[in-house]
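Each reported figure results from applying straightforward, stated rules to the coordinates on display, with no laboratory input. Since the model is a prediction, treat every value here as computed from it, not as a measurement. Virtual Cβ from ideal backbone geometry, glycine too; neighbours counted across all protein chains shown.
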Amino acid sequence: MNTTIDIQIKQTSQSKLPGTNFENLSFGQVMSDHMFVADYKNGEWQNFSIEPYAPLALNPANATLHYGQSVFEGLKAYKNENDEVLIFRADANQRRLNESAERMCIPPVPEEIFMEGLAKLLEVDRNWIPSNPGCSLYIRPFIFATDDYLGIRPSLTYKFMIFTCPVGHYYAKPVSVKVETKYTRAAEGGTGQAKAAGNYAGSLYPAQIAQKQGYDQLLWTDGKSHENIEESGTMNVMFIIEDTLITAPTSKGTILKGITRDSVLTLAKEKGLKVDERFLKVSELKEALETGKLQEAFGTGTAATIAHIYKINVGDTDFELPEKPKDAFSYQVLETLDAIKYGRIEDQHGWITKV
Ligand SMILES: *Cc1c(COP(=O)(O)O)cnc(C)c1O
């Protein structure tokens, strides 16, 4: 790749690779050796570097710590059979990072800084990308305010960083979910569409209540009427009822525009499944569960790709979903997506970048 930005590289003298057990990786606990860092000051991004992964020095008055002016992304890189490195839909993550940034008054990161910083980081930490089946490298780009100032206004300085974690085979264990009709994740006019740090802090308390009741995750409903299903935990959620795939539309700004969501919808249409982007009412979901019309329910997101839902709590009732046939859509689409990501089938959508 031709580079247009100048990146200073400081390699670690103490790689953590020899001490890392790639057979037993849990999500987000082991970080690779290096990180990419850029600073925003005087109105532009500058000081591009790759340096050893290490703690940051922050001022106690750091604006992010107090007011949460911070956005992030999540994507993955894979190795194919020829040991080449493939990134899945990085361009879409780069665009979404800047959409989130705009909502939070954070300056956008130009495409070349994102892509060249990422490509260089993957080159330096190439040996951290697992090649065992089902494993991948999770990539976490993020931007946060760095002004040392207690006033509430957009910061004048920021850091853009990327670090990575090797992640193991995500045995997407089926999950149980509870329809949440008291607390709200996102409201129209709010920040639900942005991958903004504070959204996740606000979701912890209601999720914790559900977990104490024995459910893995929430099925969020809209903030106004609590009648419409929006998302599940930090995943988009899809239902198949009477051979139609139903998922919430992103037009109201309350749904995170998942890249897995978009990929699954694209493949569903190609596989000839009817797709209906509309809000599913809680009452409709309940009826579909009672009458056995709900065939499949699953979450979609980068970490798990597809998380099958086996139990849904609506009001006072727990409903177990029927056992899925081997050729269920959610199994098929997971297999197709994995085959594209690991380069086992041709990428017909321009989703893969080789670095
Ligand atoms: C990140 C995220 C998703 C999934 O997005 P992907 O691009 O598929 O990983 C869905 N919902 C929320 C709230 C998210 O933060």
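Summary table below
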| item | result |
| --- | --- |
| Theoretical ellipticity at 222 nm over the chain - DSSP helices of four or more residues, -39500 (n - 2.57) apiece, nearest 500 | -7000 deg cm²/dmol |
| Hz values of 3J(HN,Hα) by residue in the stretch 174-185 - Karplus curve (6.51, -1.76, 1.60), Gly and Pro given as x | x, 10, 9, 10, 10, 5, 9, 10, 10, 8, 10, 8 |
| Dipole-positive endmost among F329, I50, Y149 within the chain (Cβ charges, Cα centre) | Y149 |
| Length-normalised contact order for the stretch 8-168 - Cα pairs under 8 Å, 6+ apart - percent | 35 percent |
| Alpha-carbon centroids, the stretch 282-306 and the stretch 1-56: separation in whole Å | 39 Å |
| Folded to 0 to 90 degrees: helix 111-124 orientation relative to the chain principal axis, Cα | 80 degrees |
| Point-to-point label distance, H169-K10, nm (Cα→Cβ direction, 7 Å offset) | 4.0 nm |
| Column: log10 I(q)/I(0), Debye, Cα scatterers of the chain, q = 0.08, 0.15 Å⁻¹ | -0.41, -1.38 |
| Contour minus Cα-Cα distance for N42 and R153 (0.36 nm per residue) | 38.3 nm |
| Within the chain: Cβ-based charge dipole about Cα centre, in debye rounded to nearest 20 (Lys, Arg +1; Asp, Glu -1) | 460 debye |
| Farthest positive-ward along the chain dipole, Cα basis, beta-carbon charges - from L25, T305, P60 | P60 |
| Residue exposure sequence - W220, W128, W45 - by fewest surrounding Cβ within 10 Å | W45, W128, W220 |
